[in-house]
Amino acid sequence: MERCNQSAISHSTKMNGRCSLCSSENVQLKRSHIVPAWAYKRMCNWGRSPSVPIVVEDDRAFFSSRQMRRYLLCGPCEQRIGKSERYVAPLTFTHSHVSRLVGLARDPARSYQYPGSFRARVAVPADINCEMIGRFGVSVIWRMAVWKQIDQDASRSFLGPYHEPLRLYLLGVAPFPPQCAIHLHVVDPTLQESRNYCAIVAYPAGGRSGPFHIHQFFILGLYFQLYVGKAVYEGLHLACLVHGTPPVYFLTDPRDIGTLVACRDVFQHSQVVGNARELLKLPSQD
Ligand SMILES: [Zn+2]
């Protein structure tokens, strides 16, 4: 796998290498995002005037105009991934717009209350391409896995033995692996504080949770969870965007989403220490 020093490469430099998705060698690579550029733009334009997002990292918070980009994919693979990004873009929240997925999940004819104490409704949207939404969620987590592998010069991805089957799925040459389930929780904006959650992007993170692994990320009101492992049980597959029969998603009280609570808590207990360019001594890109 190609390893390159991003800060040493100017925007105009062409970078050839191995595409992480199709494995083509010595092809021109694009500077790929972990999360789509439209999500970053929406975060910047959330308030009354354009602003710079606050990045929370470890126990520090700082303003940063830095987007996570790296030479990962060739042009055709960038297009391949971009298809699901474009599908999901109008389904996220904006500062003036509630996701259409919320209305569908409130329609009694399309949804039902999740059994037990979990405060969620389950939506069965016949006219929504759930597989495409799931593909988007998988692509973001998979890109982060590639990124971390390069960063840490690691021989193994955090997706373990499922990295390769997920790559083939994203490439369009294999089905979604039967040992995986991808879930979507849409933030229920009924609560006053919910609107704040819709302006957050949290990069993929995860790890072992009992007998399987969960990797998750949050993007403008949509919370994705990817379960991987042989122990992923039938109930998780039933709620999967891809394997569910029918595929479903959840409309969820954000107080039940641990990642969001953690984001809020970390932010509340963090101190904004300055501009990322100074903090990280990033080279000027002017
Ligand atoms: Zn490629």
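Taken over the stretch 135-193, the ratio of Cα radius of gyration to 2.2 N^0.38 Å equals 1.40. Cβ crowding within 10 Å ranks His33, His97, His237 as His97, His237, His33, fewest other Cβ atoms first. With 23 Å as the limit on Cα-Cα distance, the pairs of Lys30/Lys148; Lys41/Lys83; Lys83/Lys230 that go past it are Lys83/Lys230.
Ranked by how many other Cβ atoms sit within 10 Å of their own Cβ, fewest first, the residues Thr94, Thr190, Thr252 fall in the order Thr190, Thr94, Thr252. Annotation note: trypsin sites (Lys or Arg not before Pro) in the stretch 114-178 located in DSSP loop regions with a Cβ neighbour count of at most 11 within 10 Å are Arg156.
Remark: the Arg18-Asp256 segment gains 81.6 nm on full extension, using 0.36 nm per residue and subtracting the alpha carbon distance.
Laboratory data are not the source of any read-out in this text; all were calculated from the coordinates shown. Predicted model, so just to flag it, every value in this text is computed and none were measured. FYI the Cβ positions are ideal-geometry reconstructions off the backbone, even for glycines, and counts take in every protein chain you see.
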